[in-house]
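K.L.:
Next up is a structure, given as structure tokens.
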Amino acid sequence: MDNGSDSIKVEKEYWKQNTGKGNPLIGDHIQSGGHLSNAPFRLTQAPALDALLDADHYISFTELIQQVSLFNKPLSLAAIRFMLENVMLDDREVQALSSFECNNYCRKRLFHNSHCEILILSWLNGQRSKIHDHLHSACGVKVLLGQATETQFEQAENGHVYATQSILYDTAQISVSQDNDIHQISNLQAQNKPLITLHLYSPPLQQFHLYSLEESKPILFNAQQNPWYYEI
């Protein structure tokens, strides 16, 4: 699992080879608790790749959606980190996109195609994900508000999982993981503070295991059976 200790270099040639031409039509909707609603943005023209690779250039949230729609194959971990490092959301956008629920953290789907999925997750204090992996997908998480706690796990020889370390991610920090990496995200801040995170999956998460500290055999979950809402 990569928490950003290694420097990531994304070559221009990679981007040019892995993005399609034009701006494919995609739906401008979001998903919250299994329901669709209108998203507060509409696609126009994607920014030039050279501008994205400029160290002084930051992309807006709308530009992020536009850019990932151009890819014609799944993104690498390096590309996911690059996109999340360079996207900037202002306080108004974060507030408009976030939504909290009392019983569980809230997931909103902001974009989805065959190569990529983007969601925003809103966590009240004390809420956490289940222990899970990301089968056949790469995942990047950027903290938009607050501080996230990521606990990483390994499987023992008898099949049980055990925690290996916990890492704190402050606002604007990023964690990336893939495939069989096992982790849990939690909001454990003081003073009842909320947490908001931006998630990018490539390809979209279709299958994953849910793990329990009490059981040695994880449960395989197929998101295709319930594509609009699943809890991890």
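K.L.:
Would you please give the FRET efficiency between GLN206 and LEU77, computed as 1/(1 + (r/R0)^6) with r the Cβ-Cβ distance and R0 = 22 Å, to the nearest 0.05?
P.N.:
So, using R0 = 22 Å, E works out to roughly 0.80.
K.L.:
Further question on the same structure: Convert each backbone phi in the range 98-111 into a coupling constant with the Karplus relation 6.51 cos²θ - 1.76 cosθ + 1.60 (shift: θ = phi - 60°), then list the ³J(HN,Hα) values in order as whole Hz, x for Gly and Pro.
P.N.:
Going residue by residue, I get 7, 7, 10, 10, 6, 8, 7, 4, 9, 10, 10, 7, 9, 7 Hz, with x marking Gly and Pro.
K.L.:
Then there is this: So, by mean Cβ neighbours within 10 angstrom, what's the order for 156-168, 126-138, 195-207 with the highest one leading?
P.N.:
Per-residue Cβ counts within 10 Å, averaged per peptide and sorted highest first, yield 195-207, 126-138, 156-168.
K.L.:
Cα gyration tensor of the range 130-223, axes a ≥ b ≥ c as square roots of the eigenvalues: rounded (a/c below 1.5), prolate (a/b > b/c) or oblate?
P.N.:
In terms of gyration-tensor shape, oblate.
K.L.:
In addition: Go through SER129, CYS139, ASN104 and say which Cα lies farthest out towards the positive end of the charge dipole of the range 76-232; charges sit on Cβ, +1 for Lys and Arg, -1 for Asp and Glu.
P.N.:
Checking the options against the dipole of the range 76-232, the answer is ASN104.
K.L.:
Read phi for every residue in the range 203-212 and hand back ³J(HN,Hα) as whole Hz from Karplus 6.51 cos²θ - 1.76 cosθ + 1.60, θ = phi - 60°, with x for Gly and Pro.
P.N.:
Whole-Hz 3J(HN,Hα) from phi for the range 203-212: x, x, 5, 10, 9, 7, 9, 9, 10, 10.
K.L.:
Tell me, what ³J(HN,Hα) does each residue in the range 193-199 have, in order and in whole Hz, if you take phi through Karplus 6.51 cos²θ - 1.76 cosθ + 1.60 with θ = phi - 60° and put x for Gly and Pro?
P.N.:
Values, residue by residue: 6, x, 9, 10, 10, 10, 10 Hz.
K.L.:
Next question, about the same structure. Please list, ordered by chain and number, the residues whose modelled amide H lies under 5 Å from the amide H of TYR105; skip anything fewer than 5 residues away on the same chain.
P.N.:
ARG128
K.L.:
Give me the accessible area per residue for the range 141-232, probe 1.4 Å, as a whole number in Å².
P.N.:
I get 50 Å² per residue for this part.
The values are calculated or read from the model by the stated rules, or taken from the named source; none is laboratory data. Note that the coordinates shown come from a computational prediction; the quantities given were computed from them, not determined experimentally. Don't worry about glycine lacking a Cβ; one is built from the backbone with ideal geometry, like all the others, and counts go over all protein chains shown. The protein model used for the area step is the full one, side chains on, heavy atoms only, and it has no ligands, DNA or RNA in it. Shrake-Rupley method; radii C 1.70, N 1.55, O 1.52, S 1.80 Å.
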